[in-house]
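Before any comments, here is the structure.
The values are calculated or read from the model by the stated rules, or taken from the named source; none is laboratory data. Predicted model, so just to flag it, every value in this text is computed and none were measured. A quick note on method: Cβ atoms are made from the backbone with ideal geometry, for glycine too, and the neighbour counts reach across all protein chains shown.
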Amino acid sequence: MPYAQSSGARLYFEESGDGHPIIFAHEFGSDYRQWESQVRWFSRSYRCITFNARGYPPSDVPGDDSSYGQDRATDDIAAVLKHLGIDKAHVVGLSMGAFAALHFGLRYPERASCLVVAGCGSGAPKSERETFRKQCEATAERFLKEGSAPVARALGLGPTRIQLRNKDPRGWEEFVRHLGEHSPIGSALTLRNYQALRPSLYDLTPELARMTVPVLLIVGDEDDPCLDASVMLKQTIPRAGLWMVPRTGHAVNLEEPAAFNHAVQEFLSAVERGQWKPRDPQSLAGSGLIGSRTRS
């Protein structure tokens, strides 16, 4: 099996295709397999790399709290790229992977051609921080006491997951099965030390406002925990665009794979043509119908 060495963990990865690299970072409830529909499409034109986060076999499952966290997840993306000799890549992430992708753009901007940040924002609003932390702790305990399979089915019936079951029962069953195969220790330590402790996106607005990397934000319109944060990110990051997907929950790439691939393809094309530019300042005029000045 191919592994990349990161600090304190070996990371399993797969790659397919040739061209400019795209690295995909998965969400908490899934693993590298969630990107199959994307790899099958984008590997026709790009070098696609998927990997399992630490705590997700066949990647290593460290047993100590200090081996997990936001910085670890960000550095793991860099470690996989370094192992493969890749200086710069498009970075695509969903949920937990979206947080890692966003932080990668902040910490390694010279190594990110662009970022696709999908389903990002759970637990970010200040008013929800403590509730979110307690939910992470409680779910971590369930993983340790009950094992992954029972918790997987419960998570699969959550308010932002039921959309996948309604649209694609076969795909939903596969999602639940994959989650049920995860390490309960790895899942618990990830929840306790990454999700529960990561900084609020709202604390990062000064850094995000200075970010120069092109960003495509994607959120389902029924992914309630991520809606407000996605709008905030759009309003803060100068080169960000926001695509809101109708009647869609959290796992947007699984629910609407064709639409997801099309939107990301259009974004990558615009970036590669130099056409994904910062927001025009004249669009920030506020509520007025006519701006303070017009183009000559």
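Some notes on this structure:
- Members of segment 79-102 that are more than 15 Å from TYR12 (Cβ to Cβ), touching a residue at least 60 places away in the same chain (Cβ under 8 Å), of a type outside the set (Lys, Arg) and surrounded by fewer than 21 Cβ atoms within 10 Å (Cβ to Cβ): ILE86
- Breaking point among (1) more than 25 Å from GLN265 (Cα to Cα); (2) assigned to a helix (DSSP H, G or I); (3) touching a His at 6+ places or on another chain (Cβ under 9 Å), for THR74: (1)
- Residue selected from segment 52-84 under the condition out of contact with any Asp or Glu (no Cβ under 6 Å at 6 or more places or on another chain) and of a type in the set (Ser, Thr, Tyr), by the criterion nearest to SER148 (Cα to Cα): SER59
- Which listed residue, of GLU181, GLU173, is without any contact (Cβ under 8 Å) to a residue 24 or more places away in the chain and under 20 Å from LEU94 (Cα atoms): GLU173
- Selected residue [surrounded by fewer than 23 Cβ atoms within 10 Å (Cβ to Cβ), within 28 Å of VAL61 (Cβ to Cβ) and either at pLDDT below 95 or polar (S, T, N, Q) (or both)] from PRO184, PRO199: PRO199
- Check on ARG72, under 28 Å from THR248 (Cα atoms) and of a type in the set (D, E, K, R): no
- Failed item in (1) surrounded by 15 or more Cβ atoms within 10 Å (Cβ to Cβ); (2) touching a Phe, Trp or Tyr at 6+ places or on another chain (Cβ under 7 Å), with GLY105 passing the rest: (2)
- Within segment 160-172, the residues that satisfy the criterion of being assigned to a helix (DSSP H, G or I) and either at positive phi or surrounded by 14 or more Cβ atoms within 10 Å (Cβ to Cβ) (or both) are ILE162, GLN163, LEU164, ARG165, LYS167, GLY171, TRP172.
- Residue count for segment 1-51 satisfying the condition of being outside any strand (DSSP E or B), surrounded by fewer than 21 Cβ atoms within 10 Å (Cβ to Cβ) and acidic (Asp, Glu): 2.
- Matching helices (runs of 4 or more DSSP H) fully within segment 191-272 where at least 2 residues are more than 22 Å from HIS178 (Cβ to Cβ) and over 15 Å from the mean Cα position of the chain (by Cα): 205-209, 224-236, 257-272
- Residue within segment 249-260 that is closer than 16 Å to MET211 by Cβ and either modelled with pLDDT of 95 or more or surrounded by 14 or more Cβ atoms within 10 Å (Cβ to Cβ) (or both) present: no
- Scoring ASP280 on the criteria (1) among the acidic types (Asp, Glu); (2) modelled with pLDDT of 95 or more; (3) farther than 30 Å from ARG170 by Cβ leaves a single failure, condition (2).
- Test: residue in segment 11-23 that is at pLDDT 95 or above, under 15 Å from the mean Cα position of the chain (by Cα) and aliphatic (A, V, I, L, M): yes
- Which listed residue, of GLY97, GLY121, is part of a loop (DSSP other than H, G, I, E, B), closer than 24 Å to ALA25 by Cβ and of a type outside the set (Lys, Arg): GLY121
- Restricting attention to segment 106-164, the residues that are closer than 21 Å to LEU254 by Cβ, of a type in the set (A, V, I, L, M, F, W, C) and out of contact with any strand residue (DSSP E or B) (no Cβ under 9 Å at 6 or more places or on another chain) add up to 8.
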